[in-house]
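K.L.:
Take a look at the following structure, please.
The values are calculated or read from the model by the stated rules, or taken from the named source; none is laboratory data. Everything quoted here is computed from the prediction, not taken from an experiment. As a convention, Cβ positions derive from the backbone with ideal geometry for all residues, glycine included, and neighbour counts pool all protein chains shown. Side chains are part of the model used for accessible areas, which takes the heavy atoms of the whole protein and leaves out ligands, DNA and RNA. Shrake-Rupley method; radii C 1.70, N 1.55, O 1.52, S 1.80 Å.
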Amino acid sequence: MSAVLPAPPASPSAVTTYRTCPRTGLQFEARAERLMIANAVTAVVALLVGGLLAIGVVLTRWPAVHWLAADTFYMVLTAHGIDMLIFWIIFFEIAVLYFCSSTLLRCRIATPNLAWLAFALMLIGAVTNNVAVFQGGSSVMMTSYVPMMASPAFYLGLILFAVGALIGCFIFFGTLVIAKREKTYEGSVPLVTFGAITAAIIAVFTIASGAIILIPTFLQSIGLVKEVDPLIYRTIWWAFGHSSQQINVAAHISIWYAVAAIAFGAKPMSERVSRGAFLLYILFLQLASAHHLLSDPGLSTGWKVVNTSYFMYFAVLASMVHGLTIPGAMEVAQRQKGYTRGLFEWLRKAPWGNPVFSGVAIALVGFGFLGGISGVMMGTEQLNMLIHNTIYVPGHFHATVVVGTTLSFMALTYFLIPALFKREIWLPQLAKIQPWLFGLSMYFFCLVMMGAGTLGVSRRHWDMAFQGAALAYEWPGAAYLMMGLVGIAGVAAIAGGGIYILVTVGSLLFGKKLDAGERKGTFTPVPRAAPTVAVQTYGSAGFAAPGTFVLAMLFLLAFVLYYFINWKYLGQLWGLS
C-alpha cells in the first residue's frame with residue numbers, strides 16, 4: 001500500500017476522534033459514524049414498512065387469494081412502492097456515501113451539523129408522505145401522474161425528502177474536498193469511492209428532477225397553480241423515476257467491488273476500464289428513461305429512436321464491463337491463492353457460507369441475467385410496445401431493484417454490523433441462509449411475473465379477471481398459474497426479507513458487544529495487513545481469468561437467445577406479407 005501523508009493540524013472546528021476497527025482496520029470518524037448508523041437504521045425501518053405492505057400486494061395479486069379491497073390495495077401499493085424504491089434505498093445510499101468518503105478516505109465528514117439537518121428533512125419527509133398515503137386520499141401510485149391529485153402533504157413529504165437527500169450528496173462532495181485538501185490519500189480515490197461519486201452525481205440530477213416537477217404539482221394541490229401539463233410532468237418525472245434506479249446501479253456495483261476486495265483481497269482487473277464504465281453511467285444511464293415515454297406524443301420519434309436504439313447501449317456496455325471485471329477480479333485473487341485447478345475451482349472454493357459474499361454473488365447473477373437482459377429488451381422501442389403496461393415491467397424492476405440493489409445492501413449489512421455497529425451477528429445460521437432464501441425466491445418471483453406479462457397480464461391492476469365487467473377478458477390458464485406462482489414466490493421472498501430484519505435488529509439488540517477499537521484524535525494509515533486494504537488502494541490485477549470469460553460467454557448466449565425470442569413474439573403479432 002502506498003504511504004499516507006500525515007494530516008495537517010486540524011482547525012478547532014474540525015476536532016474529532018477516529019475509531020480504528022480491530023477486525024477490519026477501517027477507521028470511523030465519530031460524527032460520520034453516528035450519521036451512518038442513523039441513516040442505515042432508518043433505511044431498515046423503511047424496508048420493514050415496505051415489506052409488511054408487500055404482503056398485501058402479493059396476496060391481492062394472487063388470484064386465488066385476492067385479499068384486499070380495491071381502494072385498500074391501491075393505497076398499500078402506493079406506500080409499498082415509495083417506501084421500497086425511494087425511502088429504504090436512498091436512506092441506505094446516504095449511509096454508503098458517508099462510508100465511501102469519510103471511512104474509506106479516513107477523513108472527517110464535512111459540516112456534520114448540516115448532515116443532521118439533511119437527515120431530519122429526509123425523516124420528516126418520509127413520515128409526512130407515509131401519513132398522507134395511509135390517510136387514504138393519496139393513492140396515486142409512485143408515479144403520481146397528474147391530473148390525478150394527492151393531498152398536499154404527499155408532495156410536501158417527497159420535496160422535503162428530496163432536499164435532505166440533495167444536501168447529503170453535497171456533504172459527500174464536501175468530504176471529498178476535505179480529504180484531498182488534508183491529504184488523507186495519495187493519487188486517485190479508491191475505485192469504490194469513485195463508484196460512489198458516480199452514484200452521487202447521478203443522484204443530484206435525479207433528485208433535483210423530482211423536486212423540480214413536484215413543486216408545481218404541490219402548488220396545484222393547494223390551489224396556487226391551475227394545472228400542470230401532463231406531458232411535461234411525465235417527461236421530467238421520469239428523469240427522476242427511472243434515474244433513481246441508476247443511482248442504485250452505481251451504488252450497488254460499488255458495493256460489489258468493495259465486497260470483492262473485502263472477501264478476497266481482490267483488486268479490479270483494470271482500474272481504468274472500471275472507471276471508464278462508471279463514467280459511461282453518468283453520460284448515458286439517464287437516457288434509458290426514454291422507454292417510459294415511447295407512447296407520449298410530446299417527444300419526437302427521432303429522439304425516442306436515438307435514445308432507445310443507440311445511446312442506451314453505452315450504458316449496457318458499462319454494465320457488461322462491470323459484470324466481467326468484478327467476478328474476474330475475484331477469480332484473479334483466488335488463483336493467486338492457489339485455486340487454479342480447472343476453470344472453476346476458484347468459484348467452488350469461494351466463501352459461499354459467508355452472507356456478505358453469497359448475497360453479492362446472488363445479486364450479481366440475478367441482476368445480470370434477469371434485470372439486465374430484460375432491461376435491454378424493454379429498452380428497444382419495438383419490443384417495448386409488447387410488454388410496457390404489463391406485469392412484465394414490475395418483474396424487470398424487481399430483478400434490478402430488489403435482486404440487484406436490495407440484496408447487495410443486505411449483504412453489506414452483514415459486514416457493517418460488526419464493523420460499524422460493533423456487534424456480533426445474532427443467529428448466524430439464519431444469516432447464512434437469508435441471502436439464498438430471499439435471492440432465489442426473488443429469482444423465481446421475477447421469472448413468473450415476466451412470464452405473466454408476456455401473456456399480457458396488466459400491471460397495477462387490482463383484479464386481473466375484471467370480474468363483473470361488461471366485456472370481460474378470458475385469460476389463458478397459464479396466466480392464472482403464473483400469477484399464483486407469483487404469490488407463492490412473493491411470500492417466500494417476504495419471509496427471506498423478514499429474516500434479514502430479524503437478524504439485523506436482533507444483532508443490534510442482542511448481539512454480543514465487540515471491541516470498538518482504539519480512538520485517536522487524528523487518522524492513522526491503515527496497516528498493510530488490514531483485511532480491507534484492497535478497498536482503499538489504487539491498482540489493477542490483470543486479466544488472467546479464464547473461468548470468468550467462459551461465464552461471460554454463457555451470459556452473452558442467454559442474452560442473444562432471449563432477445564431474438566422476443567422478436568419472434570413481435571413477428572407473430574405484427575405479421576408482414
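K.L.:
Kindly report the accessible area of the stretch 326-375 per residue (heavy atoms of protein chains, probe 1.4 Å, no ligands, DNA or RNA), in Å².
P.N.:
38 Å²
K.L.:
Another one. Loop-only check: which trypsin sites (Lys or Arg not before Pro) in the stretch 147-214 are DSSP coil with at most 16 other Cβ within 10 angstrom?
P.N.:
Answer by residue number: LYS183.
K.L.:
Residues with beta-carbon under 11 Å from that of ALA266, excluding ALA266: net charge, scoring Lys, Arg +1 and Asp, Glu -1?
P.N.:
Surrounding charge for ALA266 is +2.
K.L.:
Keeping to pairs on different chains or 8 or more places apart, tell me how many lysine pairs in the chain have Cα atoms under 21 Å apart.
P.N.:
Lysine pairs, 8 or more places apart or on different chains, close enough: 12.
K.L.:
Ok, one more. With charges set only on the Cβ (+1 for Lys and Arg, -1 for Asp and Glu), what does the dipole of the chain come to about its Cα centre, in debye to the nearest 20?
P.N.:
1640 debye
K.L.:
With the Cα gyration tensor of the chain in hand, convert its eigenvalues to equivalent ellipsoid semi-axes via √(5λ) and list them largest first in whole Å.
P.N.:
38, 28, 23
K.L.:
For ASN389 and LYS349 in the same chain, what is the full-extension length gain: residue separation times 0.36 nm, less their Cα-Cα distance, in nm?
P.N.:
10.1 nm
K.L.:
Once the Cα gyration tensor of the stretch 256-379 is diagonalised, what are the square roots of 5 times its eigenvalues, in whole Å and ordered largest first, as equivalent ellipsoid semi-axes?
P.N.:
Semi-axes, largest first: 35, 14, 11 Å.
K.L.:
Just the number please: accessible area per residue for the stretch 165-285, 1.4 Å probe, all protein chains included, in Å².
P.N.:
34 Å²
K.L.:
Accessible area per residue for the stretch 9-123 in Å², computed with a 1.4 Å probe and the full protein assembly in place, what is it?
P.N.:
For the stretch 9-123, the solvent-accessible area averages 32 Å² per residue.
K.L.:
Using the alpha carbon gyration tensor of the stretch 94-181, what are the three equivalent-ellipsoid semi-axes (square root of 5 times each eigenvalue), largest first, in whole Å?
P.N.:
34, 11, 9
K.L.:
Also: Largest first, how would SER300, SER221 line up by accessible area (1.4 Å probe)?
P.N.:
Descending order: SER300, SER221.
K.L.:
Where the accessible area of the chain is counted over protein heavy atoms with a 1.4 Å probe, how much of it, in %, is carbon and sulfur?
P.N.:
71 percent
K.L.:
Just going by the charge dipole of the chain, with Lys and Arg at +1 and Asp and Glu at -1 on Cβ, which of VAL58, ALA150, TYR281 is farthest out on the positive end?
P.N.:
It is TYR281, whose Cα lies furthest towards the positive end.
K.L.:
Can you list the HN-Hα couplings for the stretch 260-276, worked out from phi with the Karplus curve (6.51, -1.76, 1.60; θ = phi - 60°), rounded to whole Hz and with x for Gly and Pro?
P.N.:
These are the phi-based 3J(HN,Hα) values: 4, 6, 6, 7, 10, x, 7, 9, x, 4, 8, 4, 5, 5, 5, 5, x Hz.
K.L.:
When the convex hull of the C-alpha atoms of the stretch 14-105 is computed, what volume per residue in Å³ does it have?
P.N.:
Dividing the Cα hull volume of the stretch 14-105 by its residues yields 105 Å³.
K.L.:
Roughly what angle does helix 407-419 make with the longest principal axis of the chain, taking Cα atoms, 0 to 90 degrees, to the nearest 10?
P.N.:
30 degrees
K.L.:
Another one. Could you tell me, in Å, what Rg and Dmax come out for the Cα atoms of the stretch 138-190?
P.N.:
Using the Cα atoms of the stretch 138-190, the pair Rg, Dmax is 18.8, 53 Å.
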